[in-house]
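Peer 1: My questions all concern the structure below.
The values are calculated or read from the model by the stated rules, or taken from the named source; none is laboratory data. What you see is a predicted model, and the numbers here were worked out from it, not measured in a lab. Every residue, glycine among them, receives a Cβ derived from its backbone with ideal geometry; neighbour counts consider all protein chains shown. For the accessible areas, the whole protein counts, side chains as well, though only heavy atoms, and no ligand, DNA or RNA atoms are used. Shrake-Rupley method; radii C 1.70, N 1.55, O 1.52, S 1.80 Å.
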Amino acid sequence: MKALATISATVIALSAMPAAASDGGGPLTALRVGATFEVCREKVKAAYAGPRKTVNVEQFKTDAHVDANGDRVVRYTGFTEEPGQPRVSIAGACHVRRDGPSTVEIGKPG
């Protein structure tokens, strides 16, 4: 049920007109940002997680601009943990695309 709700929210948010940088907020903008973070979170987990490795994302930050295609860039930082091993810092950027597959760049925070 949660997956269906997430998918529905993502489809609605990403098919809506992109929020302008000057948006004052509001429910539609919050929905778009939330859906963008969810897509990024899943991409980061898929890129870093392993059978015994957990992923903890400490921060997501959406770039203020949306490009001409409506794509968003989300910068992330956090760490991975594996039993008996020290934490490993992670950082990078997710590209959440409206008209194609979203991608994650590992280790490219800027």
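Peer 1: Exactly one condition in (1) more than 22 Å from P51 (Cβ to Cβ); (2) open to solvent by less than 80 Å² (accessible area, probe 1.4 Å); (3) in a loop (DSSP other than H, G, I, E, B) is false for P83; which is it?
Peer 2: Evaluating P83 over (1) more than 22 Å from P51 (Cβ to Cβ); (2) open to solvent by less than 80 Å² (accessible area, probe 1.4 Å); (3) in a loop (DSSP other than H, G, I, E, B) leaves (1) as the failure.
Peer 1: State which residue is nearest to V39 (Cα to Cα) when the search covers only segment 52-80 and only residues that are open to solvent by 80 Å² or more (accessible area, probe 1.4 Å) and either basic (K, R) or touching a helix residue (DSSP H, G or I) at 6+ places or on another chain (Cβ under 7 Å) (or both).
Peer 2: In this case the residue turns out to be K61.
Peer 1: Can you tell me which residue is farthest from I106 (Cα to Cα) among those in segment 39-51 that are part of a loop (DSSP other than H, G, I, E, B) and open to solvent by less than 70 Å² (accessible area, probe 1.4 Å)?
Peer 2: Step by step, filter segment 39-51, then rank; the result is G50.
Peer 1: Taking segment 24-38 only, how many residues are part of a helix (DSSP H, G or I) and either at pLDDT 85 or above or of a type outside the set (V, I, T) (or both)?
Peer 2: Number of matching residues: 9.
Peer 1: Then there's this: Among the residues of segment 73-101, which ones are modelled with pLDDT under 90 and out of contact with any Lys or Arg (no Cβ under 6 Å at 6 or more places or on another chain)?
Peer 2: If the condition is that a residue be modelled with pLDDT under 90 and out of contact with any Lys or Arg (no Cβ under 6 Å at 6 or more places or on another chain), then V73, V74, H95, R97, R98, D99, G100, P101 are the ones that fit.
Peer 1: Every residue in segment 61-110 that is touching a strand residue (DSSP E or B) at 6+ places or on another chain (Cβ under 7 Å) and among the small types (G, A, S), please.
Peer 2: Passing the criteria: G78, S89, A91, G92, A93, S102, G107.
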